[in-house]
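Asker: First, the structure itself, so that you have it in front of you.
Just so it is clear, none of the values below were taken in a lab; they were calculated from the coordinates. None of the values given here were measured: they were computed from a predicted structure. All Cβ positions, glycine included, derive from the backbone under ideal geometry; neighbour counts span all protein chains shown.
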Amino acid sequence: MLTHSKFYLSDFVQLQIKSFQLLLQKGIIEEFSKRNPIRDSFLEIFFYSELYQLSPPEFTPREAILKGQSFSSKLYLPVQLTDKKTKTIFLKWIFLGELPIMTKRGHFILNGAPQVIVNQLIRSPGIYYQEKTIS
């Protein structure tokens, strides 16, 4: 006989998908905002992170597996480059890299292999004690 439990077990795949969607909606913008602007004595780089764009993936998930490729999008970001010596300002879109895209099933496809990201809580081992004997 089955009894009903009062505890609710979350759908872990749905948690992963929501987490990835949060990264795309807010996380990328927040991370670039933390490092904005980048300055040195000759150049200043300002990121317009809220305007970032992802290109459509080159392959479908099935094609990526069959061709041994990654299911990913190219990440582009508009930046303002200011040359402090010549006082010139350039506005450009830059390519930052490939961002793996999560599939509907909650995994990533990297080099043709489906990968699942597992969040883990690691407990600190604490302090190690050692007894020394004096001879």
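Asker: Give, in nm to one decimal, the length gained when the segment between Arg39 and Gln14 is fully stretched (0.36 nm per residue of separation minus the Cα-Cα distance).
Answerer: Values: separation 25, 0.36 × 25 = 9.00 nm, distance 4.01 nm.
This chain segment gains 5.0 nm when fully extended.
Asker: Can you pull out the trypsin sites (Lys or Arg not before Pro) in the range 7-77 that DSSP calls coil and that have at most 15 other Cβ atoms within 10 Å?
Answerer: Details: sites: Lys18, Lys26, Lys34, Arg35, Arg39, Arg62, Lys67, Lys74; in loops: Arg35.
When the trypsin sites (Lys or Arg not before Pro) of the range 7-77 are filtered for loop state and at most 15 Cβ neighbours within 10 Å, Arg35 remain.
Asker: Just to confirm my numbers, what's the Cα centroid distance between the range 11-36 and the range 49-100 in Å?
Answerer: The distance from the Cα centre of the range 11-36 to that of the range 49-100 comes to 17 Å.
Asker: Given the pairs Lys26/Lys87; Lys26/Lys74; Lys26/Lys67; Lys26/Lys104, which are separated by over 22 angstrom at their Cα positions? List each step's numbers first, then the result.
Answerer: Values: Lys26/Lys87 33 Å; Lys26/Lys74 18 Å; Lys26/Lys67 32 Å; Lys26/Lys104 20 Å.
Table pairs above 22 Å Cα-Cα are Lys26/Lys87; Lys26/Lys67.
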